[in-house]
Amino acid sequence: MYMSGETLYKRRAPLARAVVSGHTHTLDEIEDVLQMGPADARVAYLQSIDMVKFLVERYGWEAVAQLVHGYREGLDSDTMFYEITGHDYFDIEAAWHQDLRERYKWWMLLQLFDLILFSGEAFLCSC
């Protein structure tokens with residue numbers, strides 16, 4: 001899905017809302033996506049695509065290919081991440097969540113603009 005770009009730049013609103021409201025999922029939670037309701041599953045799905053994007057941009061396709069191979073072989077995530085990226089699983093996840101917050105901080109401004117616009121419309125309609 002990441003390579004197709006199908007959902008990477010389309011319908012980012014659920015992910016942006018989750019990031020701004022602090023309702024994103026950890027990577028371990030994303031693994032249990034089938035246990036989630038539709039709204040949480042949508043966010044988890046978008047987060048998984050975003051995580052691949054993050055890994056590709058930071059470490060390149062070769063690292064992602066090595067991670068996929070390692071998971072296929074059943075290797076330990078923390079050891080595998082450290083050997084491939086030089087950072088452990090927790091540090092990679094923390095950096096990714098920080099990156100999400102940085103990239104979607106504009107969403108809060110957009111929501112504020114919507115609130116002001118809606119309040120102005122309500123005021124004009126009540127007159």
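The values are calculated or read from the model by the stated rules, or taken from the named source; none is laboratory data. Given the structure is predicted, the values throughout are model-derived calculations rather than measurements. Virtual Cβ from ideal backbone geometry, glycine too; neighbours counted across all protein chains shown.
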Elements of type helices (runs of 4 or more DSSP H) contained in the stretch 13-127, each with 1 or more residues being modelled with pLDDT of 90 or more, over 16 Å from the mean Cα position of the chain (by Cα) and surrounded by 12 or more Cβ atoms within 10 Å (Cβ to Cβ):
38-73, 77-85
Filter the stretch 45-70 for residues that are within 17 Å of Ala95 (Cα to Cα) and among the small types (Gly, Ala, Ser) and give the result.
Ser48, Gly60, Ala63
